[in-house]
Amino acid sequence: MELAGITKRFPGVVANHDIHLTVRRGTVHALCGENGAGKSTLMKILYGMQKPDEGTITLDGEQVTLHTPADAIARGIGMVHQHFMLADNLTVLENVVLGAEKLHGIGGKAKAKIKEISDAYGLGVRPDALVEDLGVADRQRVEILKVLYRGARTLILDEPTAVLVPQEVDALFDNLRELKAEGLTVIFISHKLGEVLSVADDITVIRRGTTVGTAVPSETTPKQLAELMVGEELPSPETRESTVTDTPMLTVDGLHLSATDPDGVVRAVLDGISFTIHKGEVLGIAGVEGNGQAELVEAVMGMRDPDGGTVTLDGTDISHVPTRKRREDGIGYIPEDRHRHGLLLEAPLWENRILGHVTEKPNSKGALLDIKAARADTERIVREYDVRTPGIEVTSASLSGGNQQKLIVGREMSHNPKLLIAAHPTRGVDVGAQAQIWDQIRTARHEGLAVLLISADLDELIGLSDTLRVMFRGRLVADADPASITPEELGSAMTGATGGHLEHDEETAREEAPEAAPDAAQEATQDDDASADAREEEEGGDGK
Amino acid sequence: MSITKKVDRDKLVLGLAAPLLAIVAAVAITSVIIGATGKDPFHAYQVMVDYGSKSDSQVWIINKAVPYYLSAVAVAIGFRMNLFNIGVDGQYRIAAFFAAVVGGAMAMPGIVQIPVIIIVAMAVGAIWAGIAGLLKVTRGVNEVISTIMLNAIAGTVIGYFLQDGRLAKKEGNMIHTPFLPDSAHFFEFPTQPKPVYGFVVIAALVGVVYWFVLNRTRFGFDLRTVGLSESAAQASGVNVKRMVITSMVISGATAGLVGMPTLLGVSYNYGTDFPAGIGFTGIAIALLGRNHPIGMALSALLWGFLDRTSTQLEFEGYAQEIVGVVQGVIVLCVVIAYEVVRRYGLKTQQRKVGEELAAQARKSDKAEVSA
């Protein structure tokens, strides 16, 4: 399979640009790149969900045009989505034959076929089990089987390991090797370097929407791969001069939150979370997505009501205060999913400027909106934050991701927040906008803003944060000093492999060694205070 | 500057395009249907226009449009926040019934009597709709289901009380609540040959308040936010659950007004012949009028016009049901046309913005090069 010169433009942004990808038959080919690098778009093109503006796709020497996923399936390309598409209340058999009834019927023949495929690739799928009784890994195998059942010879797996625990990942890789041995081709999308290196035969790296290189796993180190992925010309998020003060702005103590997962089991998604963010401090939370970061943000924002612990903002207990009051009291919020939580996509920019701050100046006077002032202020935000738009009447949906994000940052900063919650602030944002957003966070921090930063971009975390915490399965399991930690060390803590206070090897003796807390979640607060104090001392008076 | 104006104009054009497209399509489809029955469709339209423009028809149409409009506003309040209040029908009937009972039992000067009747109607409508809102936020019951059920319950509650010896009395073949005293008769415009309901003023007022609250107040902004994106509304600090109940209550209170023009202007009682089904007509009118106060007024008048002229068609040998077909086809076309126009509008705007920005970028590039 070969893709050449693929370019895909979305309004205002180029998602893929001049992509070249060659996949050999019977291999596992990994496609890696950062979040927002354009991997998913590329796969959607390959699976016929989107049409490229330029470029060609060649399968077995024949140039093809894929209009719909059905075209792709007919040509033996199947996709296993990151989010499973299974009907819970049906059996595995029913799920597999759904939409493919013509192939082998829906009865005994289909069941025999499923058994055959399952045995051939060691998938261990039971056709009569109800999907709702299956765990995540089993569901994924059902998805793979679904694709194979439809006759796929090339499988695309979109971030298949994101939802799996390490043992399940190993099992999945065994399955993939099995598939490969049978002559099938697997395209494996991931941003986890270790996995990519362990399972892939070939690696193609995507950065900023274009292919920047290929690698052979046996000759490549994770570091080299990371450099390829991140690139060296990137603006650095570095922020070294400390502005941390000793005035606590946000104190979270023993926060606990339970939620019912899709299987109906009540689980603690946040457990014993304690930390303090001081004025002028950026606290970064690292972690594999889905380990409770989103819930933590929502608990601090008041979108979820915690069932234990306290949240204190600037000396006031806000544990159960409604979201609007928290916003009025000075919490700014850059949400993780701006389309879901940060914007009204079909409303004009000036209405989006009001969103979240409708009770505050200049948006309203008493119970009435002050449309004139809101519009004038939108013009100001557009100007000052360099939002590229032809006007403030256009809907926010017509802006590119970076410009949408700049609008959100501008809006949140315009209300002089005391605390900024920034969840993945530069996700899916182009380089220029990224640098700008980092600048704004830095400037605000200099003026005494406290920032809770959550990001999957480890360089961003290390570069911007004054203090780092690692979140794993709803707990803060480790802390680290961003001045000395490397992305690799942080990455290993994110998988739960290491805990406590993380120290860079060469600098073990430097500072705070006696305070290394084995259970960071418990002692987080004191530890944090201590480190802040230590920094204060180090820098003497020039901190201000 | 230029783009702002252009976008505004585009918005207006697109806004009008959808209903026009829908009506044109509906007329075309209806013509085919009439043609298929072997009749001349254009003659039918001629008859409708001639008859509909007579002055007695005009009065009739306006009077018919008043409750239609109120019903449409009640539905639109729900629509603006993504709630489908299908229960306006039950809400206005049970509201009118209890308002008629209370009004019939009192004898006070009109200045007290009329407001009391209206307030009772609004309160009953609000409670009836509020039940659906409450069920939605506490038990997760879809408002479509619960309001349909409440329609049925409203019908049986009225049926139970609307009996001789309970809250109504028998007069010939008719059973109805006691007549309102003369003091409770709403004023009317002395037009010829028949008067126009004074309630048309209230309807216009409701339209203005509807527009003002939604577009100019914080509350209205919150309500529209929930309609556009519930998740964004929650993150922005709107209490979505409370907003569901509040908007259902307001929608129900407005629905309570639907029966008032009839009660206070024509029948002066609630009887077995009290008009039913206006709540469902309101859904169609709200759809056609795009939830816009003026759009809905025009749609309500169009609906009245179609109702009025259907009777005349029968005299000319056309099947009267043809107007029902037109109305149905219009609603279908409207739903389709809006979606088509909405998607087209969004796409063209995105493209335009992209082009404009690309042009800007090129310009600045050139400027930099030359400088």
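The values are calculated or read from the model by the stated rules, or taken from the named source; none is laboratory data. Quick caveat: nothing in here was measured; it's all calculated off a predicted structure. FYI the Cβ positions are ideal-geometry reconstructions off the backbone, even for glycines, and counts take in every protein chain you see.
Annotations
- Cβ separations smaller than 8 Å between residues 6+ apart or across chains give the following pairs from segment B:211-222 residues that are more than 9 Å from chain A (Cβ to nearest Cβ) to residues that are part of a helix (DSSP H, G or I) and hydrophobic (A, V, I, L, M, F, W, C): B:Val213/B:Phe219; B:Leu214/B:Leu223.
- If you go through segment B:309-330 and keep only what is crowded, with 21+ Cβ neighbours inside 10 Å and either modelled with pLDDT of 85 or more or not in a helix (DSSP H, G or I) (or both), you end up with B:Thr309, B:Tyr318.
- Scope segment A:129-146; condition in contact (Cβ under 8 Å) with a residue 24 or more places away in the chain and acidic (Asp, Glu); matching residues: A:Glu132, A:Glu143
- Some residue of segment B:346-366 being modelled with pLDDT of 80 or more and either closer than 29 Å to A:Gly401 by Cα or within 14 Å of another protein chain (Cβ to nearest Cβ) (or both): no
- Residues in segment A:435-467 that are of a type in the set (S, T, N, Q) and surrounded by fewer than 22 Cβ atoms within 10 Å (Cβ to Cβ): A:Gln436, A:Gln440, A:Thr443.
Residue-wise test of (1) in a helix (DSSP H, G or I); (2) buried (at least 16 other Cβ atoms within 10 Å of the Cβ).
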site: B:Gln91; (1), (2): yes, yes
site: B:Ile114; (1), (2): yes, yes
site: B:Ala123; (1), (2): yes, yes
site: B:Trp128; (1), (2): yes, yes
site: B:Leu150; (1), (2): yes, yes
site: B:Gly155; (1), (2): yes, no
site: B:Tyr160; (1), (2): yes, no
site: B:Lys170; (1), (2): no, no
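- Taken together, the criteria place A:Leu93 among residues that are at pLDDT 85 or above, within 20 Å of A:Arg141 (Cα to Cα) and aliphatic (A, V, I, L, M).
- Residue within segment B:41-62 that is touching a strand residue (DSSP E or B) at 6+ places or on another chain (Cβ under 7 Å) and either within 30 Å of B:Gly133 (Cα to Cα) or in a helix (DSSP H, G or I) (or both) present: yes
- For segment B:223-233, filtered to residues that are part of a helix (DSSP H, G or I) and facing another protein chain (nearest Cβ under 7 Å), the residue that is surrounded by the fewest Cβ atoms within 10 Å (Cβ to Cβ) is B:Ser231.
- Any hit, segment A:285-302, residues being in a loop (DSSP other than H, G, I, E, B), surrounded by 24 or more Cβ atoms within 10 Å (Cβ to Cβ) and facing another protein chain (nearest Cβ under 10 Å): no
- Failed condition for B:Val238, given (1) assigned to a helix (DSSP H, G or I); (2) within 14 Å of another protein chain (Cβ to nearest Cβ): (1)
- Residue among B:Val201, B:Val249 that is crowded, with 16+ Cβ neighbours inside 10 Å, out of contact with any Cys (no Cβ under 7 Å at 6 or more places or on another chain), in a helix (DSSP H, G or I) and more than 14 Å from chain A (Cβ to nearest Cβ): B:Val249
- Matching residues, segment A:426-447, being touching a Ser or Thr at 6+ places or on another chain (Cβ under 7 Å) and either over 14 Å from A:Val282 (Cβ atoms) or in a loop (DSSP other than H, G, I, E, B) (or both): A:Gln434
- Only one entry in B:Phe212, B:Phe189, B:Phe161, B:Phe179 is aromatic (Phe, Trp, Tyr) and in contact with a strand residue (DSSP E or B) (Cβ under 6 Å, 6 or more places away or on another chain), namely B:Phe189.
- Within segment A:313-322, the set of residues being assigned to a loop (DSSP other than H, G, I, E, B) and more than 11 Å from chain B (Cβ to nearest Cβ) comprises A:Asp314, A:Gly315, A:Ile318, A:Ser319, A:His320.
- Scanning segment A:361-374 for residues that are in contact with a helix residue (DSSP H, G or I) (Cβ under 6 Å, 6 or more places away or on another chain) and either more than 9 Å from chain B (Cβ to nearest Cβ) or surrounded by 19 or more Cβ atoms within 10 Å (Cβ to Cβ) (or both) yields A:Pro362, A:Asn363, A:Ser364, A:Leu369, A:Ala374.
- Checking each residue of segment A:323-333 against the condition of being buried (at least 23 other Cβ atoms within 10 Å of the Cβ), within 11 Å of chain B (Cβ to nearest Cβ) and in a loop (DSSP other than H, G, I, E, B) gives no match.
- Of all residues in segment A:64-71, none are closer than 26 Å to A:Arg338 by Cβ and modelled with pLDDT of 75 or more.
- Check on A:Arg340, at the interface with another protein chain (Cβ under 9 Å from one of its Cβ atoms) and either part of a helix (DSSP H, G or I) or in contact with a Gly (Cβ under 7 Å, 6 or more places away or on another chain) (or both): yes
- Evaluation of B:Phe84 against the conditions (1) in a helix (DSSP H, G or I); (2) in contact with a Gly (Cβ under 7 Å, 6 or more places away or on another chain) shows that the sole unmet condition is (1).
- Members of segment A:375-418 that are hydrophobic (A, V, I, L, M, F, W, C), in a helix (DSSP H, G or I) and more than 10 Å from every other protein chain (Cβ to nearest Cβ): A:Ala376, A:Ile381, A:Val382, A:Leu407, A:Ile408, A:Val409, A:Met413
- Only one of the numbered conditions (1) of a type in the set (S, T, N, Q); (2) touching a residue at least 40 places away in the same chain (Cβ under 8 Å); (3) within 10 Å of another protein chain (Cβ to nearest Cβ) is violated by A:Thr310, and that is (3).
- Residue-level check: of (1) closer than 21 Å to A:Arg427 by Cβ; (2) modelled with pLDDT of 85 or more, A:Arg326 misses just (1).
- Some residue of segment A:343-360 being surrounded by 21 or more Cβ atoms within 10 Å (Cβ to Cβ), farther than 19 Å from B:Phe221 by Cβ and more than 7 Å from chain B (Cβ to nearest Cβ): no
- Test result for B:Ala255, within 14 Å of chain A (Cβ to nearest Cβ) and buried (at least 24 other Cβ atoms within 10 Å of the Cβ): no
- Condition check for A:Asp271: more than 26 Å from the chain's Cα centre (by Cα) and more than 14 Å from every other protein chain (Cβ to nearest Cβ): no
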